[in-house]
Amino acid sequence: SIDLSTLTRQSGLTALDYGFVNTSATKSAITYIDGDKGILRYRGYPIEQLAENSTYLEVAWLLIYGELPTADQLANFDENIRRHTLLHEDLKRFFSALPHTAHPMSVLSSALSALSTYYEGSLDPNDPDMVEINTVRLLAKLPVIAAYAHKKSIGQAFLYPDNSLSFVDNFLKLNFGNMAEKYDIDPVLGRALDQLLILHADHEQNASTSTVRLVGSTGANMFASVSAGVNALSGPLHGGANEAVLDMLGQIRESGGGVKQFVDRVKNKDAGVRLMGFGHRVYKNYDPRAMIVKNSADKVLEALGVTDPLLDLAKELEQIALSDDYFIERKLYPNVDFYTGVIYKAMGFPTRMFTVLFAIGRLPGWIAHWREMQTDPQTKIGRPQQLYIGSPERQLRKP
Ligand code: ACO
C-alpha cells in the first residue's frame, strides 16, 4: 500500500476515488474482513464463534477495549450500563414535540444530539474519564431512546427501564411491555435479538462508521459523532436496506407478478430497481452474517410460533438470483440485511424500527472506532480532495 498523504504532499498527485473504493483512511485493529472469502472477525475472533457463544455486552467490551472481558469486568460493565439507563425527565418531553409519524431513525439521531445537551461540561473527547462515562451513557440510553421512538409511533406510554433485567430483556420490555400488564420475558426472543445485535456490532470502515470517524476527527464529541452515524446508517443503500427488503418482499407478494418477474426488472435496471439486501462493497462472496441469520431464521420463527410466507419468498428470491448470470457475474450475494427483517417482524417490531435495531447493534463499533481514532497519534481532521471541473476564472461585469 502507498501512503497517499505523503505522496500527495511531495508530488502534487491526487487520486480520484469515487465512493472511496480504493482509499484506506486509517489503520485499525478492530475488525478484519476478507470479502472474497466471506470472513469477518472482531479483534481476531470469527463472527460465527462470537454469535454462537457470546453476548452483546461481551462483544461490545471486546470491540471497545480489545480483549474479551473477565467475569468481573463484564459484571461491572453490565451493572454500570444498567445504572445509566434513565433519561432526564425533561428529555422525555422532547418526544412530544415530534409527530407520531416521525421515522424512528430521525427521532433517534435528533434525540442523541439533544441528549448531549444534558452533559455540557463532560463531553471533552480528550479527557479519558469523560470518554468512559459517555461510552456507558450511550450504550445505556440509546436503546431507551429507540424504544421511546417506537412507543411514540404507536401512541403508548413510555415505560421506565427495569434495571433488574438484562440489556436485551430490558429493551424488549420497553418496546413491548405496557403499564397495565406484567411483561413475560421470552428467552428465545432475547437470545435471538442478542445474536442479531452481535452480528451488526462492527463492520470496519462502512459508511456510518466512516461518518462517525470523520465527524469525530474535527474534535466533535461522541454524541455528535454517533448521531451523524445514525443519519448515515438510515440510507437504503446502508442500514436502511433491512426496511427496504421487507417492503420489497411485500410488494412482490402484492403485485402477484412473482419472483422471476421481479428479478427480470432488476436485471433490466427498470427504473433503477435493485434487489435490496443483495450486494456489498466488500463481500464478493456470501456475507458470513447473512449465512448465520439465514440458518437461524427458521429456528427463531418456529420457536416464536410464527409462520411467514415472506421468508419462503426471500429464499425463493435468493435461489433464483444466485443461479442467474447477472448476479453471478457481479458477485452479488445476500448481505446481512436480507433475512434480518423477517426475524425482526416475527419478533413484533414494525418495519420502520428495523434500522433502529441495526443502530443499537452498531453502536459498540462506532464507539470503538471513535475511541481508536482519538488515541491514534496519526489522526488528522478528515478532509478529502476534489478535482475542480467548474468554470475557469471569469470577471464579474454587472449590466
Ligand atoms: N441489485 C441489482 N444490481 C446490483 C445490486 C443489487 N442489489 N447491487 C449492485 N448491483 C449491480 C450494479 O448495478 C452494478 O452493475 P453494472 O456493473 O452493470 O453497473 C454492479 O452490480 C456493481 O454495483 P455498485 O453499485 O458499483 O456496487 P457498490 O459496491 O458501489 O454498491 C451496494 C454496494 C450499495 C451495497 C449495492 O450492492 C446495493 O445497492 N445493494 C442493495 C442495497 C443493500 O442491500 N444495501 C445494504 C448493504 S450492507 C449494509 O450496509 C449492512
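Only the coordinates and a few stated rules stand behind these numbers; no lab work does. For clarity, every value in this text was computed on a predicted model and none was experimentally measured. Cβ sites come from the backbone with ideal geometry, for glycine too, and all protein chains shown count toward neighbours.
Evaluating 6.51 cos²θ - 1.76 cosθ + 1.60 at θ = phi - 60° for every residue in region 341-351, the Karplus couplings come out as x, 4, 6, 4, 5, 4, 6, x, 7, x, 3 Hz, glycine and proline recorded as x.
Kindly identify region 281-386 as rounded, prolate or oblate by the Cα gyration tensor criterion: order the square roots of the eigenvalues as a ≥ b ≥ c, call it rounded if a/c is under 1.5, otherwise compare a/b with b/c, prolate if a/b is larger, else oblate. Taking the square roots of the gyration eigenvalues as a ≥ b ≥ c, region 281-386 is oblate.
Around the Cα centre of region 142-234, unit charges on the Cβ atoms of Lys, Arg, Asp and Glu (plus for the first two, minus for the last two) sum to a dipole of about 280 debye. Just report the Cα centroid separation between region 135-164 and region 261-316, whole Å. Using only Cα atoms to place each centre, the spacing works out to 29 Å.
A Cβ-based charge dipole, computed about the Cα centre of the chain with Lys and Arg at +1 and Asp and Glu at -1, lands at about 1400 debye. All alpha carbon pair distances within the chain were sorted into 20 Å bins beginning at 0; the resulting P(r) in whole percents reads 26, 56, 17, 1.
What does the C-alpha gyration tensor say about the overall shape of region 4-79? Classify as rounded when a/c is under 1.5, otherwise prolate if a/b is larger than b/c, or oblate.
Since a/c reaches 1.5 and a/b is larger than b/c, the shape of region 4-79 is classed as prolate.
Taking other C-beta atoms within 10 angstrom as a stand-in for reagent exposure, E302, E254, E243 fall in the order E254, E302, E243, fewest first. Once both labels are positioned 7 Å from their Cα atoms along Cα-to-Cβ, the gap between V136 and D3 label points is 3.9 nm. In the chain, a dipole from Cβ-located charges (positive for Lys and Arg, negative for Asp and Glu) runs towards its positive end, and of G256, G348, L317 it is G256 whose Cα lies farthest in that direction.
Convert 10 °C to kelvin, take the viscosity as 1.306 mPa s, use the Kirkwood radius over C-alpha pairs of region 2-145 as Rh, and evaluate the Stokes-Einstein diffusion coefficient in µm²/s, rounded to a whole number.
Approximately 84 µm²/s, per Stokes-Einstein.
For I39, nonlocal amide neighbours, meaning residues 5 or more places apart or on other chains whose placed amide H falls under 5 Å from its own, are D34.
Here the 3J(HN,Hα) profile of region 380-395, calculated from phi with Karplus coefficients 6.51, -1.76 and 1.60 at θ = phi - 60°, is 10, 4, x, 7, x, 8, 9, 9, 6, 10, x, 5, x, 4, 9, 9 Hz, Gly and Pro shown as x. Taken about its Cα centre, region 1-54 carries a charge dipole of roughly 220 debye when the Cβ of each Lys and Arg holds +1 and the Cβ of each Asp and Glu holds -1. The alpha carbons of region 88-196 stretch over 43, 31, 23 Å along the principal axes, in descending order. Placing unit charges on each Cβ (+1 for Lys and Arg, -1 for Asp and Glu) gives the chain a dipole about its Cα centre, and among Y326, G390, A25 the Cα reaching farthest toward its positive end belongs to G390. In sequence order, region 189-196 has phi-based couplings of 4, x, 5, 5, 5, 4, 5, 5 Hz under the Karplus curve 6.51 cos²θ - 1.76 cosθ + 1.60, θ = phi - 60°, and Gly or Pro positions carry x. Projecting the Cα atoms of L74, N126, P99 onto the charge dipole of region 15-169, computed from C-beta unit charges around the Cα centre, puts P99 farthest toward the positive end. Given the pairs K27/K267; K182/K345; K284/K380; K141/K315; K27/K284, which span a C-alpha to C-alpha distance of over 28 angstrom in this model? Going by Cα-Cα distance, K27/K267; K284/K380; K141/K315 fall outside the 28 Å limit.
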